[in-house]
Each structure stands twice: as structure tokens, then as C-alpha cells.
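Report on the following structure.
The values are calculated or read from the model by the stated rules, or taken from the named source; none is laboratory data. These numbers were taken from a predicted model, which means no experiment stands behind them. Here Cβ is always computed from backbone atoms with ideal geometry, including for glycine, and neighbour counts include all displayed protein chains.
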Amino acid sequence: MRKVLPGEPELGHSGGGTAVGRRRPPGGSLHEGLLQGILGLADGFAAKHGRQPVIMEVCGSHTMALARSGLRKSLQGHVRLLSGPGCPVCVTDQSDIDAMIALAREDNRTVCTFGDMMRVPGTSGTLLQARAQGRDVRVVYAPMDAVELAAAHPERQVVFLGIGFETTLPVLGAALMEAEKRSLTNFSMRLSAKRVEPVLRHLLHLQEVQLDGFLLPGHVAMVTGSRAFAFLAEEYGLPGVISGFEPLELASGIHRLLELVADGQAVIRNDYASVVSPDGNPAALAVMDRYFRPCEARWRGIGAIPDSGMAIRSEFAALDAAERFPATAAPLPKPTGCRCGDVIRGLIPPSRCGLFGRSCTPYQPAGPCMVSAEGACAAEYAYSREG
């Protein structure tokens with residue numbers, strides 16, 4: 001069995017994510033006047049429409065922050081907050097896990113990923129189980145750590161599983177750039193990154209839930225720019241607010257969004273203007289464009305969505321693990337009773353899953369929404385359970 005290297009990250013983190021599994025009291029205090037303003041707007045909407053306003057938060061970090069701050073609980077019965085498909089660990093398909101496990105079983109191979117990915121189930125096991133069987137599976141905090149590992153061990157093929165949304169893609173591209181610069185022939189990346197716009201379009205086309213607006217991810221918008229979300233208002237007539245992650249930022253964003261809903265304004269407001277510009281980060285976008293191209297991607301619990309993923313461009317095939325080490329067709333996922341797919345599509349809250357808090361906990365997760373530090377199930381388990 002491989003020993004943990006000195007300084008190697010422990011499990012339970014995904015590139016700096018919050019550890020989960022501990023019940024903690026809600027942190028921070030919401031401005032009472034702002035909270036009352038939210039409740040007043042929400043109750044006014046309910047009196048007019050006969051139902052609660054429905055808001056989807058798209059970002060996994062928002063999901064955890066809403067639970068940790070106590071804001072989600074404070075708004076219960078007034079605002080229906082749905083957690084969308086913004087947790088990268090939660091939407092990573094089983095086939096990517098299976099491919100990495102298969103790579104780890106080969107001689108002279110080292111596979112690396114973020115800590116949260118270690119316990120995400122594939123169709124027949126996890127990377128953590130592969131490591132327990134003596135395979136060389138390592139946890140890293142950042143993609144560049146895997147590049148450094150490859151440089152330090154030229155005798156081994158080092159494969160990194162890259163996940164995330166537009167927030168992470170520039171960092172993944174920078175790792176490829178560094179490997180290219182060093183002419184590393186023993187480093188490659190299996191890319192399972194996703195794009196936000198196509199999945200939101202997909203959910204809106206499905207019309208499975210009635211939405212009144214979106215709380216939009218500040219970190220993604222920092223890269224893409226606020227204009228990347230204009231389609232929600234222009235094509236679907238839905239308002240959105242780009243928000244930060246502190247309790248008052250979230251409360252302010254929800255208040256602003258409910259004002260837009262009440263006024264019938266289908267616009268996108270940027271409440272995170274300190275870091276989000278209309279056109280995004282040109283340097284980050286240039287790195288993304290150099291190394292990646294849109295492709296069809298499979299989303300766990302949703303299925304295949306055209307142009308919703310990113311693939312490494314063909315001119316960098318030497319750095320693409322999917323090209324260098326093609327995976328065999330994965331078996332169909334075994335039914336487990338896990339309803340992560342329904343959770344990330346906004347169809348049910350985590351507590352409606354029959355496994356939640358019983359056979360599925362952060363200590364023994366049945367699905368990725370309980371594994372990830374940004375998963376809706378992990379957030380509800382840690383901060384919102386009764387008792």
C-alpha cells in the first residue's frame with residue numbers, strides 16, 4: 001500500500017474546498033432589516049401568485065454558504081431555494097472515475113486528483129478503494145502539483161483528473177502550459193470539465209421545475225464576464241443576480257433578485273462588481289481558448305449535453321490522457337437508490353432522497369452530492385438536518 005507523502009493533502013478537500021461532515025452552528029449574522037425585506041418581498045409574491053418564489057443557486061459554493069450562514073433555513077416557507085448543477089464533483093460522470101481506476105491498475109502509473117474525488121463512486125468502486133488496494137493514487141491541492149510530481153518522477157506516467165467549471169479551466173490550462181514548456185512526456189490530463197451556459201439551457205428546455213430567477217456564480221462570472229449570462233434574460237425572460245459568497249452578499253443578492261421578480265424585470269444584475277466585469281478576464285479566457293474546445297459531455301444524473309464540456313485541443317493530444325490511454329466502454333451504472341441527479345436538477349431537496357442520513361452520510365456516501373464539500377446533500381447534512 002502506498003504511503004502518504006509528507007505534505008500531501010488529506011482527503012475531504014477539492015483544491016481548497018471546505019471539509020464536510022461536521023455539524024456546526026450557522027455562522028455570521030444577517031442584517032435583520034435585509035432579511036425582513038426578503039421575507040416581505042417573498043410574501044408579497046406569494047399573495048399575488050399563490051406560491052413561493054423559486055430561485056435556483058447555480059454555484060456549489062453558494063449552496064454551502066447558504067446552508068452554513070443559516071440563510072437557507074431562515075427563508076424556509078418563504079423562498080424556495082433550489083440547488084442547481086454547479087458542483088463539479090457532483091456532476092462528474094461515473095465513466096471518468098472508472099477510467100482513472102483502470103489507469104491506476106496499470107504498472108508505472110500514478111493518478112492524481114482533488115480530495116473530494118477520491119470517494120466518488122464509479123460503477124464498481126472508488127479511487128480511494130483503488131489506493132487501499134495498493135494503487136498509486138494521490139491527492140493534490142492544485143493541478144500544478146501533478147505537473148511537479150511528473151517532473152520529479154520521469155519514470156512514471158502521471159495522469160491528473162481535471163474537473164471544474166470555467167472557474168477552474170484557466171488553472172487546468174496553466175498546468176498544460178507548464179507541462180508543454182517543460183516538454184514533459186510523462187504528464188497527461190483526463191479532462192472532465194463542464195460549462196455552465198449549456199447545462200442551464202438544458203434545464204430550462206426540460207421545464208421540469210418552474211423558476212423565477214437565478215442566483216448566479218460570482219467565480220464563474222469573474223472568468224466569463226457578466227454578459228455570459230445575458231441569455232437567461234434575453235431568451236428565457238428570467239432575471240439573475242451575480243453574487244458573492246459572504247452572508248450579507250448572498251442576502252443582498254436574493255433581495256435584489258426578488259425585487260427584479262416583483263417588478264417583472266428580466267435583466268442580469270452584477271452584485272459582485274468588485275471582481276466581475278462585463279467581459280470577464282481576457283488572460284484567463286485566452287488560456288482556455290488556446291488549450292480547450294467545447295465538446296459533448298456526460299453529466300452525472302442528467303446525461304449527455306452537447307457542447308457542455310471541454311476537451312483538450314488535438315494539437316495538444318500528447319497531454320490528453322483520453323487520447324493517450326483510451327478507456328473501454330463503461331458498464332451502465334448500477335441502480336443504488338441515490339437521487340443525486342434529481343437533487344442537482346432541482347426536482348427534490350436532499351431530504352427527499354430515501355438514502356439521505358441513513359445509508360448515505362459524509363462518512364459513507366452513496367453518491368457524489370454527499371461526498372463533495374460543495375454538494376447539496378453534504379450541505380444539508382452538515383447544517384440543516386433536524387435533531
Revision key, fill the gap. Filtering segment 107-132 down to residues that are in contact (Cβ under 8 Å) with a residue 12 or more places away in the chain, assigned to a loop (DSSP other than H, G, I, E, B) and surrounded by fewer than 18 Cβ atoms within 10 Å (Cβ to Cβ) yields 108, 123, 124, 125
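Tell me the residue from 284, 366, 318 that is in a helix (DSSP H, G or I), surrounded by fewer than 23 Cβ atoms within 10 Å (Cβ to Cβ) and in contact with a strand residue (DSSP E or B) (Cβ under 8 Å, 6 or more places away or on another chain), please. Can you show your working first?
On the way: 284 fails: in contact with a strand residue (DSSP E or B) (Cβ under 8 Å, 6 or more places away or on another chain); 366 fails: in a helix (DSSP H, G or I).
Of 284, 366, 318, the one residue that is in a helix (DSSP H, G or I), surrounded by fewer than 23 Cβ atoms within 10 Å (Cβ to Cβ) and in contact with a strand residue (DSSP E or B) (Cβ under 8 Å, 6 or more places away or on another chain) is 318.
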Practice item. Kindly list the number of the only condition in (1) surrounded by fewer than 16 Cβ atoms within 10 Å (Cβ to Cβ); (2) not in a loop (DSSP other than H, G, I, E, B); (3) not basic (Lys, Arg) that fails for residue 381. Key: (1)
Study note, to complete from the structure: If we ask which residues in segment 229-265 are more than 26 Å from residue 78 (Cβ to Cβ) and touching a residue at least 60 places away in the same chain (Cβ under 8 Å), their number turns out to be 0
Practice item. Please state which of the following conditions residue 61 fails to meet, knowing it meets all the rest: (1) under 23 Å from residue 377 (Cβ atoms); (2) modelled with pLDDT under 95; (3) over 19 Å from the mean Cα position of the chain (by Cα). Key: (3)
Check your understanding: Restricting attention to segment 63-106, which residues are in a loop (DSSP other than H, G, I, E, B) and of a type in the set (D, E, K, R)?
Key -> 93, 105, 106
Review point. Tell me, which residue of segment 165-195 that is among the charged types (D, E, K, R) and assigned to a helix (DSSP H, G or I) is surrounded by the fewest Cβ atoms within 10 Å (Cβ to Cβ)?
Key: 181
Practice item. Check whether at least one residue in segment 356-371 is at pLDDT below 95, touching an Asp or Glu at 6+ places or on another chain (Cβ under 7 Å) and hydrophobic (A, V, I, L, M, F, W, C), and report yes or no. Key: yes
Revision key, fill the gap. Filtering segment 36-60 down to residues that are touching an Asp or Glu at 6+ places or on another chain (Cβ under 7 Å) and either aliphatic (A, V, I, L, M) or surrounded by fewer than 22 Cβ atoms within 10 Å (Cβ to Cβ) (or both) yields 41, 54, 55
